[in-house]
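No value in this document is a laboratory result; all are computed from the given coordinates. The model shown is predicted, which means the values in this text are computed figures rather than measured ones. Ideal geometry is used to build each Cβ from the backbone, glycine not excepted, and the neighbour counts take in all protein chains shown.
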Amino acid sequence: SQTIHQWPATLVQPVGSPLSLECTVEGTSNPNLYWYRQAAGRGLQLLFYSVGIGQISSEVPQNLSASRPQDRQFILSSKKLLLSDSGFYLCAWDSYQETQYFGPGTRLLVL
Amino acid sequence: KQEVTQIPAALSVPEGENLVLNCSFTDSAIYNLQWFRQDPGKGLTSLLLIQSSQREQTSGRLNASLDKSSGRSTLYIAASQPGDSATYLCAVGDGAAGNKLTFGGGTRVLVKP
């Protein structure tokens, strides 16, 4: 069966510090991968998606970036965090545009 | 640009009552529609997926309908239980280069024993 992991589960970072969130999927090959952010009062917003290794598409201009160094690994990064980057970050995967499965999420608080 | 709306934002019902959750979207050119459940502080759990060519999907006490032409979907939960208390989210997929989902704001449901 397929499993999706995210870490860390929670993170408290100062403004201006770097960020690296990791997501890995097990039990499937060549998944589509997605990063979403859920911020208070703003709903779930798609940030990045990837249909293959090294293929990243950005949905929202911001100071975040994403990379996919391996087939089942998706990384969300920032060089300098802003207060507005606080939120709940969710990674998801699907195959052939079917049901999308979400990870447990990372709660980020930028102070 | 696709916009998804869920009304009401919150709903409280006594145990045993049927739940009716509404979702509307502005662009009928969707690939599929998914309903999710989210418990506080947790990720999303997929409930049902309806392809654009389908009218409804059922799983246990859950039934979701889709009227693509009018831009609406409804999630019915029969005989609600306190364990059904959660936020329910609908999302429409565009099926292009992956399946980018546009989410509604969710309906927070409380089922009182």
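Can you give the average number of partner chain beta-carbon atoms within 10 Å of each beta-carbon in peptide A:86-96, as a whole number?
If you average over the peptide's residues, the count of other-chain Cβ atoms is 2.
Under a point-charge model restricted to the Cβ atoms of Lys and Arg (+1) and Asp and Glu (-1), what is the dipole moment magnitude of the protein assembly as shown relative to its Cα centre, in debye to the nearest 20?
Taking the Cα centre of the protein assembly as shown as origin, the dipole is about 400 debye.
Once the dipole of the protein assembly as shown is set up with Lys and Arg at +1 and Asp and Glu at -1 on Cβ about the Cα centre, which of A:P31, B:G60, A:S84 lies farthest towards its positive end?
Among A:P31, B:G60, A:S84, the one farthest towards the positive end of the dipole of the protein assembly as shown is A:S84.
State log₁₀ I(q)/I(0) for the range B:1-58 at q = 0.17, 0.27, 0.29 Å⁻¹ as given by the Debye formula over alpha-carbon point scatterers of equal weight, solvent excluded.
-0.76, -1.34, -1.34
Which trypsin sites (Lys or Arg not before Pro) in the range B:1-84 sit in a loop by DSSP (not H, G, I, E or B) and have at most 16 other Cβ atoms within 10 Å of their own Cβ?
Qualifying residues, ordered by number: B:K1, B:K42, B:R55, B:R61.
Give or take rounding to whole Å, what are the principal axis extents of the alpha carbon atoms in chain B, in descending order?
Principal extents (Cα only, largest first): 43, 28, 21 Å.
Which loop-located trypsin sites (Lys or Arg not before Pro) does the range A:1-78 contain, where loop means any DSSP state but H, G, I, E or B and the Cβ has at most 12 other Cβ atoms within 10 Å?
A:R42
Relative contact order for chain B: what is it in percent, counting Cα pairs under 8 Å that are at least 6 residues apart?
37 percent
Along the positive direction of the dipole of chain B (beta-carbon charges: Lys, Arg +1; Asp, Glu -1; about the Cα centre), which of B:G93, B:V20, B:T107 reaches farthest?
Selected residue: B:G93.
How large are Rg and Dmax for chain A when only the alpha carbon atoms are used, in Å?
13.2, 39
Taking 8 Å as the Cα distance limit and 6 or more residues as the minimum spacing, I'd like the relative contact order of chain A as a percentage.
For chain A, the relative contact order is 36 percent.
Quantify how much of the Cα-Cα distance distribution of the protein assembly as shown extends past 27 Å, in percent.
33 percent
Under a point-charge model restricted to the Cβ atoms of Lys and Arg (+1) and Asp and Glu (-1), what is the dipole moment magnitude of the range B:1-84 relative to its Cα centre, in debye to the nearest 20?
200 debye
Identify the residues of the range B:82-105 with backbone N under 13 Å of a label point that sits 7 angstrom from the Cα of A:S84 along the Cα-to-Cβ direction, or state none.
Label zone hits: none.
Per-residue Cβ counts within 10 Å, from other chains only, averaged over B:28-38: what number is that?
Average per residue, whole number: 2.
Can you give the average number of partner chain beta-carbon atoms within 10 Å of each beta-carbon in peptide B:91-102, as a whole number?
Taking all residues of B:91-102 together, the mean is 6.
For the range A:38-81, report the convex hull volume of the alpha-carbon atoms normalised per residue, in Å³, without decimals.
Taking only Cα atoms, the range A:38-81 has a hull volume of 86 Å³ per residue.
For the range A:78-95, take each phi angle, set θ = phi - 60°, evaluate the Karplus expression 6.51 cos²θ - 1.76 cosθ + 1.60, and give the result in whole Hz per residue in order, putting x for glycine and proline.
8, 7, 9, 6, 10, 4, 6, 7, 4, x, 10, 9, 10, 9, 9, 9, 8, 10
So what does the Cα-only Debye profile of the range B:29-82 read at q = 0.12, 0.24, 0.27 Å⁻¹, as log10 I(q)/I(0), no solvent term?
-0.30, -0.96, -1.09
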